[in-house]
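The values are calculated or read from the model by the stated rules, or taken from the named source; none is laboratory data. Please read all numbers here as calculations on a predicted model, not as lab measurements. Quick reminder, even Gly has a Cβ in these numbers, built from the backbone with ideal geometry, and neighbours come from all protein chains shown. What goes into the accessible areas is simple: the full protein's heavy atoms, side chains included, and nothing from ligands, DNA or RNA. Shrake-Rupley method; radii C 1.70, N 1.55, O 1.52, S 1.80 Å.
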Amino acid sequence: MPDYLVYLVKVSICLFAFYLFYYVFLRKSTFFFFNRLYLLSGLALSFLIPILKISILNTQPDLIPLFIQEINPVTVERQLSQTTNLPGHVKPNLYSMLLPVIYGTGMLLLFFKLLFSIVKIIRLKDKFGVNLLDGWKVVRIDTDTPFSFFNIIFLPQEVNSLVFEHEKNHVCQLHWLDLLFIESAALLLWFNPVIFLYRKSLKLQHEYLADNKVLKKTDQIRDYLECMLRQVQRMSSGKLVSQFYCTTIKNRIIMITKNKTPKKNIASYLLVLPLIALLVLGFSPRVHSGPAALSDPIVEDFYGAAQDSVTGFNRQDNIPSIYPVDKEKLKRKASGYGWRFHPKTKEKRFHTGIDFNIQSGEEIYSTADGIIIKSAYDQVSGKGNYVLVRHNDEFSTLYSHMESIAVKTGDQVKKGQVIGFVGSTGASTGPHLHYEVHKDGKAVNPIDYLPE
């Protein structure tokens, strides 16, 4: 799955958590301003939390999960289903290629639908013209449904002054800015049904706020309620409008007539702080404490099983000792072994190998005799097309971000044999080979095993 879709899934998880909190604790309160503020803040935080660079957990490097993933039967089955292991080539699955197309199509359809509704409103404005009424921009339309669009109020030819007051409050309180924000979010998160429930809740708070403001200026509550009930037929003029006769009229009447929430209950908004802390904790990058030995018993069993497959290899030939690519064709060594800031995620982490910057399509060689433990495509951890070679009970090597793979799992290879071709698959910023050497289950500096 592309990185931006992974990010949007994380945003969706945050959004669901914020909406669930609102639905359980806040939706029935009469703190309309704070509810509006909560919903807007929750939406903003949903996009912000997944990209926060707050390092909280101190863990071992990604080396351990990488190897556990290699021997986890469920993971292996999933990865094999995502690859096409044809001789000499491994490709990403059709599903991962279709996802961006499906996402982009959905977003475009929603965008054009929104654009069409805006065009309809602009045509109304051009048809009837904008006039000033008590200093407000007003368009007199031939429908029975009043609404506001940005700072323009659309009113029927005959309308109650209380309705006009209601629409003025939408404009005064800048509700159109909220609608721009939520509609932009809905375009990005169209696949998540929660965003539409979120939008409905925000627009409902707008109606509560406008109703509340009107009723503070007049004691004509009965007349105001009659205005709301007079319109039985309801129509929608577009997404970016605040409409007086909306489908939530029942909720508005309930809120107008119910007792106000006690002021002491405002402290309930503080309950969201633990939720924010949990979300930040869940999506925060982990600081790695450097390379460590792989002591997991599952990994040890894996190595024990692999040892039987390579005991017949000549020991001298199964020690990594050559360059994995043609040294003469190297542009530069992009990134060495050790601490660095990841070029894509910008988080500080331990780089457990060497990146050889070389042109796409160049041959990749096994640096020692061995057996192919894994030949697959992995988008989840960012390796792309990769090969894992076990050389003996002491050494193994990893080659990732390949354009294509020339070997399959279970093949025996010789030192210098071509196992794939340089590319830029997975979490890669350009053509290169990521090369790792592991000794006794621990990542070591590959430079120590390269010829002078």
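Listed values for region 142-155 are Karplus-derived 3J(HN,Hα) couplings in whole Hz (6.51 cos²θ - 1.76 cosθ + 1.60, θ = phi - 60°), namely 9, 9, 9, 10, x, 7, 10, 9, 6, 9, 10, 10, 9, 10, and x replaces Gly and Pro.
Remark: region 313-452 is approximated by an ellipsoid whose semi-axes, taken from the C-alpha gyration tensor as √(5λ), come to 21, 16, 15 Å, largest first. Taking Lys and Arg as +1 and Asp and Glu as -1, the other residues whose beta-carbon sits under 10 Å from that of His434 total -1.
The residue list Pro156, Cys172, Ile141 was ranked by how far each Cα lies along the charge dipole of region 131-181 toward its positive end, using unit charges on Cβ atoms, and Cys172 comes out on top.
Using R0 = 35 Å, the C-beta based FRET efficiency linking Asp126 and Ser424 works out to 0.10.
Averaging the Cα positions of each part gives two centres, and for region 347-391 and region 420-452 these lie 6 Å apart. DSSP beta bridges fully contained in region 114-213 are about 55 percent antiparallel.
Computed over region 139-181, the quotient of the alpha carbon radius of gyration and 2.2 N^0.38 Å is 1.14.
Which sequence of Ser184, Ser148 reflects their accessible areas, 1.4 Å probe, from the largest down?
Ser184, Ser148
When +1 charges are put on Lys and Arg Cβ atoms and -1 charges on Asp and Glu Cβ atoms, the dipole computed for region 316-409 relative to its Cα centre reaches about 600 debye.
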